[in-house]
Every structure is written in C-alpha cells, then in structure tokens.
C-alpha cells in the first residue's frame, strides 16, 4: 500500500512539474533545420531564440516556442504545420524559409485560420489569395524592380546582360521583373543566359555576354554560383559591373570569389549598419554577445518574424487567431531589426531595401532605398 | 511463410473470404479515423497510403522483375504535374503564372479529381511505354544510369517549359481532394492488382527474368515484353500516387521530385525485402509513420532540472540506425522475398498454440 501511494505521488510530480507557471502562449516555428537548406533554418532559429530571450512574455503569459523541423521538404512542411496546429495547439506560426515549403505549409494553416509569418518566403504567389499568410520580407518583383532602377540611375547602364539560375524560383522571378522594369527605363537587355543549380562551368554563358558588350551584368543568383561566375567572368576579361540580389549575401561569396567579387553590388534585406532603432540595437548586441558571430540577414529576418507576431498578439489583446490575424494585417511602421515594416492586408510587407557592395573583402553598406 | 503453398480449392475460398473480411474491417477503421482522428493523424495516414502505393509499384519493377531502375521520381513528377494541371481552376492558373501565361488549351481546362488521377496514370504509363524501348536496351548498372538520367531530364523539363509547369515557381492552390477514401481506396486497389499480377503467369515470367534473363529467354519468355509490362504497370500507379500527393500537399514544384524521392523509396523497398510486396507495404508504413512519430526525440523536454534541448535531425539518426540494424541482422530485408498469406498466419497460430500447450 505504501509503495502504491509513493508511486502515485511520484507520477503526480512528474505530470505537474511543468504546470507551475501560468499557461504559456504556444508559438509554432517550422524551419528547415536539416536537409539541403538547413543553413537558412539554423540561422533563422538562432535569431528567433535570441528574440525570444528579449521578449519572453506576452499578455502576461510566457511565450513557448515549438520548433518542428521540415527537412527542407514539402511533404514534411505540410506535416509540420498540421502537427503544430493539431498537437501543439499553437496560436500562430513562424516559417518557412523557402517559398515552396511555405506554400506547402500555408494551405493547412489557412484552412484552420491560424496566422503564419514567413521570414524569407519571397515568391510573390506565396501570399496570393491567402488571408492568414504574412511575410516580413519584400517580394521578388520588388527586388527586381529596385535593381533595374539602381542599374539605370546609379550605374547609368543603357544595356544589361542577364545570367540566372533557371531552377530557382527566386532567380527566375528577379530576372523577369528586372527585365520588365529595365525595359521601362529605356534600357535594353542584350543577352539573357541561364544555367541550373550545380553547374560549375559558365564559359558558354559568359562568352555570349562578352560578345553582347553590355554596360552591366545582372546576376540574381545564389552565392556559390555568384562567386564562380565572377571569377570566370574576370578571367575571361569581362570587367563590367556586376549587380546581384540578396542571394549572394553570404561570407562564402568572398571566400570563393576572392578578388573577383570586389565591387559587386547587390540589393538586400539587411545590413548591420542600417540598424537605426532601439530594438534593432538591443538585438544586435544580444546576438553578437550570445553567438559570437556577426549578425546575418536570416537571423535578423527570423527575429523580425518573431517580434512582429508577438507584437500582433499583444495588440490583439488575446490569443484568438482571427484577432491576431487582424492585428498582423494592421501592423504599421513596426520598428523591426531590418527597419520599418508595414504589413498590408494581402500579407505582403512594405519595407526599405538596402544596397550593399563588396569592398576590401567585406560587405559594405551603400544606401537604403525607401519603398 | 513458404513461397509455394499447396492450395486447395477450399483454401482459396477461405483466403478470399478472409481477405474480404480484412478489407471490410479496415474500411470500418478508416470510417472511424475519418470521423474521430485529428487532421494531423489523417494526414499521416494519407502519407502512408501514398507511400505504400509508391513502394509497392516500385517494388514490382525493382524487386519482382529485378530491373535496377531509378525512375520513380520522374514518374511521380509526371503524374503529379498532369493531375495538378488538370484540376487547377482557370482563375488560379491565371493568377499564379506570373512569369509566362499558361498555354491556351491547358489554361482553360479544369476536370474533376478522379478524371485527373486516371489521366495522370495513363500519361505516365504511356511515357513508360515509350521509354521502355531505349531503356531496356541496356541491363544492370547501365539501366540504373539511363533511368537516373530520365529523372533528371524530367526535372529540367519541368523547370524550362514555364508556360505549362510555371517553371521553378511551381503550381499552388490545388484543392485538397486527397482524403482517406481516395488514398486508401487506391492503395487497396493497387495492392490487389499487383498481387494478382505477381501471382499470374506474367508474374512468374517476371521472376524468371529476375533470376536469369538469358535462361528465361531460352525458356521462351519474351524478356523485353515482360519488362515493359512491369515498367508500364508500375508507372501507372506511380503516376496516380503522384496525383494523390499533389492534391494532399496542394502545391508542387520541381524540387519535390529530386533523386532523393527515388532514394527514399529505394530504402523502403530494400528494408522491406526486395521482391516482397508485403515487405514494401510494411516498410512504407513504418518509415512514413516512424519519421513523424520520432519527432518526439527532437522536442525539448525537462525533467527535474535535466534539460534536453531537442536536436533537430535526431529522428534521421535513429531511422538510419534502424536501417543499419535491419541490414546487419536481416540482410534480405524484413520479409526477404516472402509474402504474407493466411495459411502462414494459421500455421504460426497453431505453432504458438502448441508451444503454449506443451509448456
């Protein structure tokens, strides 16, 4: 009998141990922590956890982060969102990093009316016809358009050549909208070349570009290919300015590209030096102290997704998902780590874009372009 | 678990009856699940059904016919795209094709889900039929390389014909038609068809080709025809499964159909036992359920001051260890080449009963 009582007491202790604090607010996070884009997920997660340490509470209740891995895969992303909603009973979700996976996850969230905020899903069709899906990044068409303006006004280019990755939605969309906008400014695309992720030799594409004699090369691609293309272009004697997108913003660009990437311009979401507000400064300090690393764009975007979601819950004054959704949609001039963010009713963000440049083996901040 | 059971007419009737009862019981379970399970559990059940279809049909060409082919990602892609393009509403097509508008006849077509699944199966099967001619000119490792190449080609095509597939942006906004009835209904039909085929004279010819192609030809088996039959048959069901998968996750893009998908299926059928449909079914269910179930090891928990942070990717480590254990202790997979049979069940039950009685 004594033993049985003891057992019951022990069992009770085990079950009650986590229930001391007041009822937490569950916030779901689904990220590619493993798989081929694991780097993005891990960077964002470090940003989210540090943002969480800065703002642990909302509505007087602790925020509990529930992380679920997507293996960088669509089927897993859909499973992950379903798990967060049905098993973890989350009130809102942050994720995913990749547009395709966000689309796979968003369908279920939309149907269950759980708001979702993606840090970096830039494909324009992610939020299309969706009421509950938001993002804290600008979309690909915007970046393509700004790049065209930059080419026209800053670099005074009359002709441009394109080189991009045909298998990445990000690259295709940037190239397409650059092309449209550049034509509007009176510019001319003299060469359009494509490749596929994993290609290592770009001689055919670069020869075509060299023959077309453009004023600039627009290369909306990722850093590995970006570095290789810059190297090979310089070796072939193609020395016109290269303009890229935020896909090249990784230390690997400089590591692989070395001297050849000097002077490469790119539009981006973030640069450390653009941080102007209190929250951003505090976050930067906490991040660098905690991780010992320099703050990158993915961590900053992840943090903003967290801050905006928590802010929306606070303004909604409840954990009712419809109210959180409405609060998110009315986010105006939110002072985030990556600048002022306004969320529109269609789920897209209005925010400033930065222009960076590679100089002396480092990314330097050039200017901010307001929306 | 004997491969050849002296079956009498009474046995056949009994087995059919039992199979019908088992399917009936399972349908009652599905009805219960449909009404009482959470959307999350239902989604996993759907995933299991789709992967069973894929594994069982892939096993037909790889295990039963013994042709080491690496094409399923291509066939699943063809099926998924066919069915997705056919069911998408014209408005959705207009809205999401932002790089290039969709070509005319496809942009206005919108058919019902069952028709699109059938079309997905047929288009994939025709593709397999056409492919069989060049593919089966080679054997062994060369076959693997040719089919692997085909998978890559399909991906490149999906990325490049933007006016049909929306390129790398992918298709989205599909209606989630796939439910328990569709996925498990088709799953049961697939298993039934494959078991019937394997047990027919064609199936025996396939096994003969697997054991020794030259000897089989010497015995009068048209190896090319048999291989093409297996290939087309499995392609049909892989295409249908692709359609089901597309309408489960409601969005597809070329990145979904990389070689990793084939690799995943290959692991499933090897663990299940190459050549065993039962094994393919069991392994597909274990892997799909297991990878979701094992998420608990990635979650943080704390017990009296001991904090476990939860390591993402941990479940993959456990699944891989399971794989190593299976390969070490059951080199031919869980089932080897054996199949489930009612006779085996009865005999095992009798053996267990005898042992209990003798104790």
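At-a-glance table
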quantity	calculated
Rounded if a/c under 1.5, otherwise prolate or oblate - the protein assembly as shown, Cα gyration tensor axes	oblate
Segment A:141-268 shape via C-alpha gyration tensor axes, a/c threshold 1.5	rounded
Under the Debye formula (equal points on every Cα, no solvent term), log10 I(q)/I(0) of segment B:12-257 at q = 0.09, 0.12 Å⁻¹	-0.43, -0.74
Nearest 10 degrees, 0 to 90: helix A:74-86 Cα axis against chain A principal axis	30
Centroid-to-centroid separation of segment A:215-264 and segment A:281-324 [C-alpha atoms, Å]	32
Inter-centroid distance (Cα atoms) of segment B:323-354 relative to segment A:333-371, Å	61
Whole-angstrom gap from segment B:166-239 to segment A:129-145, using each part's C-alpha centre	42
Helix-only CD estimate at 222 nm, as mean residue ellipticity for chain B, using -39500 (n - 2.57) per DSSP H run (n ≥ 4)	-23500 deg cm²/dmol
Cα gyration tensor shape of segment A:35-85, rounded if a/c is under 1.5, else prolate or oblate by comparing a/b with b/c	oblate
Over segment B:27-84 - Rg/Rh using Cα atoms and the Kirkwood inverse-distance radius	1.12
Volume in Å³ per residue [convex hull over Cα atoms, computed for chain A]	147
Spin-label pair residue B:18/residue A:57, simplified geometry with 7 Å Cα→Cβ offset, distance in nm	6.4
Distance between modelled label sites at residue B:189 and residue B:340, nm, 7 Å Cα→Cβ extension	2.1
Cα long-axis angle, helix A:223-235 against chain A (0 to 90 degrees, to the nearest 10)	10
Computed [θ] at 222 nm, helices only, for chain A once each DSSP H run of length n ≥ 4 contributes -39500 (n - 2.57)	-14000 deg cm²/dmol
Label-point separation, residue A:185 to residue B:27 (7 Å along Cα→Cβ), nm	6.6
Helix A:99-112 vs. chain A, principal-axis angle (Cα, 0 to 90°, nearest 10)	40
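The numbers here are math on the coordinates, done by the rules we state, and not lab data. What you see is a predicted model; the values in this text were computed from it and never measured. Neighbour counts run over all protein chains shown; Cβ positions are idealised from the backbone, glycine included.
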